[in-house]
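S.K.: Can you keep this structure in mind? I'll have questions shortly.
The values are calculated or read from the model by the stated rules, or taken from the named source; none is laboratory data. Quick caveat: nothing in here was measured; it's all calculated off a predicted structure. For neighbour counting, all protein chains shown are included, and Cβ atoms are generated from backbone atoms with ideal geometry for every residue, glycine included. Areas reflect the complete protein model, heavy atoms only, side chains present, ligands, DNA and RNA absent. Shrake-Rupley method; radii C 1.70, N 1.55, O 1.52, S 1.80 Å.
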Amino acid sequence: MKLQQLRYIWEVAQHGLNISATAERLYTSQPGVSKQIRLLEDELGIQVFGRSGKNLTHVTPAGRAILEMAGRILDEVENIRSAASEFKDENRGSLSIATTHTQARYALPPVISTFIRRYPEVRLQLHQGTPMQIAEQAAKGTVDFAIATEAMEFFENLVMLPVVRWNRVIIVPSGHPLREQQPLTLEAIAKYPIVTYVFGFTGRSRLDEAFTARGLTPNVVFTATDSDVIKTYVRLGLGVGIIAKMGYDPELDQGLCALDASHLFTHSTTRIGLKHNTYLRGYMYDFIGLMAPHLTRDIVDKALASRSTEEIAALFQDLELPTI
């Protein structure tokens, strides 16, 4: 049994049993991948994949067990490489982050700016996508960190580290009648067309829950994945905007007003998601600390070593998060 063979079956499973796509991903030939899979199956005496002719059709029950173990082995191999790199040069390496537009545009710039000045020889890669996409990337290990509010709870192999609590503001043009509404209520907001995030983005679920709890059906006329687009359409008079508070800048967003809505909606929490038992290099701990000073190296290590989501929740239950 070769490590290369475990890599091949793992990648085939990740690419929907498409050997051609796997070969392209691994910069090798399709016949070479097929041959190594056959050799591994012959050595083990079982089939990892079911077939119809030359095509792979499904993962066998035995294959599922083997793939789970292969995934753990490959993770440990990467940890060994990371540990070796740490001892060779602790300030050189790479860090890949997947996040949403709102986090990339508003929360991360000062963190990344400081990090790059501190670690000029670390290659930093920033990927943007939907919360589900970026959580899946972290769960598969294709990125080091996922930073988002939604979706990471769907992946059991992710450790979610709480970063900050945040709430929403109502965005309206300067002369809008809602500016005179005291106190601001959901009933008053529901009288107007609403422009806000696509479901599954930036705490949108909390918004829907709040209206539903009051027996209200908001007239959401337009949705987008980022705050800048929402503000653009509020300026055009399409409706009242509801965005994350971090997405409003009074200097840049002249002509628009932000009305505090923290009393109307439950706070949401931004989290950093990473795989269980990940080996973190020194600069990775530092990045986490820059984004969330309360996440010390000791706390992060305890979270990564936790065996269940309940243990992780208990670790953070008394932690007072910063609120924006």
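S.K.: Look at region 114-166 and say how many of its residues are part of a helix (DSSP H, G or I), more than 21 Å from residue 299 (Cβ to Cβ) and of a type in the set (Phe, Trp, Tyr).
M.R.: 1
S.K.: Kindly provide the set of residues from region 115-170 that are among the polar types (S, T, N, Q), touching a residue at least 60 places away in the same chain (Cβ under 8 Å) and more than 30 Å from residue 264 (Cβ to Cβ), ordered by number.
M.R.: The one that is among the polar types (S, T, N, Q), touching a residue at least 60 places away in the same chain (Cβ under 8 Å) and more than 30 Å from residue 264 (Cβ to Cβ): 157.
S.K.: Going through 295, 319 one at a time, which residue ends up being surrounded by 14 or more Cβ atoms within 10 Å (Cβ to Cβ) and either at positive phi or not in a strand (DSSP E or B) (or both)?
M.R.: Values: 319 fails: surrounded by 14 or more Cβ atoms within 10 Å (Cβ to Cβ).
That would be 295, the only listed residue that is surrounded by 14 or more Cβ atoms within 10 Å (Cβ to Cβ) and either at positive phi or not in a strand (DSSP E or B) (or both).
S.K.: Which condition number in (1) of a type outside the set (Gly, Ala, Ser); (2) within 19 Å of the chain's Cα centre (by Cα); (3) farther than 16 Å from residue 131 by Cβ is the one that residue 221 fails?
M.R.: (2)
S.K.: Within region 73-89, can one find any residue that is touching a residue at least 12 places away in the same chain (Cβ under 8 Å) and among the aromatic types (Phe, Trp, Tyr)?
M.R.: Scanning region 73-89 turns up no residue that is touching a residue at least 12 places away in the same chain (Cβ under 8 Å) and among the aromatic types (Phe, Trp, Tyr).
S.K.: Looking at 50, 32, 63, which is the one that is small (Gly, Ala, Ser), in contact with a Phe, Trp or Tyr (Cβ under 7 Å, 6 or more places away or on another chain) and surrounded by 12 or more Cβ atoms within 10 Å (Cβ to Cβ)?
M.R.: 63
S.K.: Quick test of your reading of the structure: residue 190 fulfils all but one of (1) open to solvent by 70 Å² or more (accessible area, probe 1.4 Å); (2) under 25 Å from residue 149 (Cα atoms); (3) small (Gly, Ala, Ser). Name the failing condition by number.
M.R.: For residue 190, the failing item is (1).
S.K.: Follow-up. State all residues of region 208-247 that are open to solvent by less than 60 Å² (accessible area, probe 1.4 Å), part of a loop (DSSP other than H, G, I, E, B) and closer than 15 Å to residue 265 by Cα; if no residue qualifies, say none.
M.R.: 216, 218
S.K.: I want to confirm something. Restricting to region 1-23 and keeping residues that are surrounded by 14 or more Cβ atoms within 10 Å (Cβ to Cβ) and of a type in the set (D, E, K, R), which single residue is nearest to the chain's Cα centre (by Cα)?
M.R.: Going through the qualifying residues, I end up with 11.
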